[in-house]
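> I'd like to ask you about the structure that follows.
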Amino acid sequence: MTWWGWALVIGAAAAIALLASKVSFELFYSRVKDNDRLYIYCQAIYGLIEYRLEVPVIAFKGLSKGIIVKEEHVNERGDHLMAENTQEINKDKVILYFKKAKIFVEATYHMRDWLYDTMSKVTCTKLTWTTRIGLGDAPETAITTGIVWTLKSSLLTFLFTHIKRCGNPKIQVIPDYQQAVFTTELTWKGQMRFDQACASMVLFLVRAFKNRGSFKAWKKILSKSPEV
């Protein structure tokens, strides 16, 4: 076989390996007393592409100031801080985000169909969610525990209606009748094939610019104060 033949075989094998690779996601959130922590991690192409986001501080400062969020972007090994950002999410910003989300959904052709189709290609590989609740009163604690169980069950029913499940999720709601306490810890891991992720992104771009006036809509989304 000539050198270009070997190059063709190696190129084809590399393309197949690339398309067969997985895109992995990991989400972790915990709240213990007044301490919140959010961690998001994505990996693709056998670890060649990685993204990490840590939010070590989520502080509620009242209705007027809203929520203070501190973000940290770290390197692939997680041992070096590359960027740090602190922002205030108040009522005005929430309204602004809502307006942008509304424009985003209306500008994208059949956005819901695309979202559900993409979710159907995701496999949940791990899900653990433990919540401890105590209100200082036994009857109120028991009632609240039941409500939280119902909310979790409804959310998981919706989630696993649209994504594939691998293994059994571990869900707990633990009542604490001795003290007033609220803690929760959520870990979710999922993955999808790289070729399916690429196809979903291409389909999204096609849908995003299929509607009339979509370019003007995207300018509104990227602006600081879109008009609705």
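> Inspect region 105-118 for any residue being among the small types (Gly, Ala, Ser), surrounded by 13 or more Cβ atoms within 10 Å (Cβ to Cβ) and more than 30 Å from Trp149 (Cβ to Cβ) and give the result as yes or no.
Checking region 105-118: at least one residue is among the small types (Gly, Ala, Ser), surrounded by 13 or more Cβ atoms within 10 Å (Cβ to Cβ) and more than 30 Å from Trp149 (Cβ to Cβ).
> Does Phe98 satisfy being modelled with pLDDT under 90, under 23 Å from Thr184 (Cβ atoms) and not aliphatic (A, V, I, L, M)?
Values: modelled with pLDDT under 90: yes; under 23 Å from Thr184 (Cβ atoms): no; not aliphatic (A, V, I, L, M): yes.
Considered against the rule, which asks whether it is modelled with pLDDT under 90, under 23 Å from Thr184 (Cβ atoms) and not aliphatic (A, V, I, L, M), Phe98 comes out as no.
> Do you know which residues across region 1-26 are at pLDDT below 80 and of a type outside the set (Gly, Ala, Ser)?
Met1, Thr2, Trp3, Trp4, Trp6, Leu8, Val9, Ile10, Leu18, Leu19 - these are the residues of region 1-26 that are at pLDDT below 80 and of a type outside the set (Gly, Ala, Ser).
> Identify, from the list Tyr39, Tyr51, Tyr29, the residue that is open to solvent by less than 60 Å² (accessible area, probe 1.4 Å) and at pLDDT 80 or above.
Every option except Tyr39 fails the conditions.
> Please go through (1) over 25 Å from Ala199 (Cβ atoms); (2) surrounded by fewer than 16 Cβ atoms within 10 Å (Cβ to Cβ) for Thr141 and return the number of the only condition it doesn't satisfy.
Single failed check for Thr141: (2).
> Could you look through region 167-208, keep only residues that are of a type in the set (Gly, Ala, Ser) and open to solvent by less than 40 Å² (accessible area, probe 1.4 Å), and pick out the one that is modelled with the lowest pLDDT?
Here the residue is Ala208.
> Specify the residue that is nearest to Val32 (Cα to Cα); the eligible residues are those in region 172-209 that are outside any loop (DSSP other than H, G, I, E, B) and of a type in the set (S, T, N, Q).
Going residue by residue through region 172-209, those that are outside any loop (DSSP other than H, G, I, E, B) are 172-175, 180-208.
Within this subset, residues satisfying the condition of being of a type in the set (S, T, N, Q) are 172, 183-184, 187, 191, 196, 200.
Values: Gln172: 16, Thr183: 5, Thr184: 7, Thr187: 15, Gln191: 28, Gln196: 37, Ser200: 37 Å.
Out of the qualifying residues, it is Thr183.
> Further question: Quick check on my filter: what residues within region 1-50 are among the aromatic types (Phe, Trp, Tyr) and touching a Lys or Arg at 6+ places or on another chain (Cβ under 9 Å)?
Going residue by residue through region 1-50, those that are among the aromatic types (Phe, Trp, Tyr) are 3-4, 6, 25, 28-29, 39, 41, 46.
Correct list: Phe25, Phe28, Tyr29, Tyr39, Tyr41, Tyr46.
The values are calculated or read from the model by the stated rules, or taken from the named source; none is laboratory data. Since the structure is predicted, the reported quantities are computational estimates derived from the model, not experimental observations. With ideal geometry, Cβ positions are generated from the backbone for all residues, glycine too; neighbour counts draw on all protein chains shown. These area figures cover heavy atoms from the full protein model, side chains too; ligands, DNA and RNA do not enter into them. Shrake-Rupley method; radii C 1.70, N 1.55, O 1.52, S 1.80 Å.
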